[in-house]
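Once you've had a glance at the structure underneath, I'll fire off some questions.
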């Protein structure tokens, strides 16, 4: 709040390194299996209020399924991390093999 005094040791905000931002994409294990090797696959990240998608790539696949959701997380690195903010929701399209 404007005009308030901050005491020593009192937190008044958080600072994030934009270079470390990742998009966490939970996917069903059967979809992850269809992707094959997910690491390095190109993605398009779509944010509400942005006219164009942000390109990125899958960095890695989570080591295990989430016990509650039964989904596995894919971790995506955006090419333009400055466009993201922690806590935003996004739609992510992952390039994968064509199914016949």
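Consider residue 82 carefully, then state whether it is touching a helix residue (DSSP H, G or I) at 6+ places or on another chain (Cβ under 8 Å) and exposed (fewer than 14 other Cβ atoms within 10 Å of the Cβ).
Yes: the conditions hold for residue 82.
Residues 32, 38: which one is assigned to a loop (DSSP other than H, G, I, E, B) and at pLDDT 85 or above?
On the way: 32 fails: assigned to a loop (DSSP other than H, G, I, E, B).
Going through 32, 38 in turn, just one is assigned to a loop (DSSP other than H, G, I, E, B) and at pLDDT 85 or above: 38.
Considering only residues that are out of contact with any helix residue (DSSP H, G or I) (no Cβ under 9 Å at 6 or more places or on another chain), within 20 Å of residue 80 (Cα to Cα) and buried (at least 16 other Cβ atoms within 10 Å of the Cβ), which ones fall in region 12-43?
If the condition is that a residue be out of contact with any helix residue (DSSP H, G or I) (no Cβ under 9 Å at 6 or more places or on another chain), within 20 Å of residue 80 (Cα to Cα) and buried (at least 16 other Cβ atoms within 10 Å of the Cβ), then 23, 25, 43 are the ones that fit.
Residue by residue, here is whether (1) outside any loop (DSSP other than H, G, I, E, B); (2) within 24 Å of residue 96 (Cα to Cα); (3) in contact (Cβ under 8 Å) with a residue 40 or more places away in the chain holds:
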residue: 26; (1), (2), (3): yes, yes, yes
residue: 49; (1), (2), (3): no, no, no
residue: 63; (1), (2), (3): no, yes, no
residue: 67; (1), (2), (3): no, no, no
residue: 73; (1), (2), (3): yes, yes, yes
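Is it the case that residue 71 is within 17 Å of the chain's Cα centre (by Cα) and surrounded by 16 or more Cβ atoms within 10 Å (Cβ to Cβ)?
Yes: the conditions hold for residue 71.
The values are calculated or read from the model by the stated rules, or taken from the named source; none is laboratory data. These numbers come from a predicted model, not from an experiment. Glycine also receives a Cβ, built like all others from the backbone with ideal geometry; neighbour counts cover every protein chain displayed.
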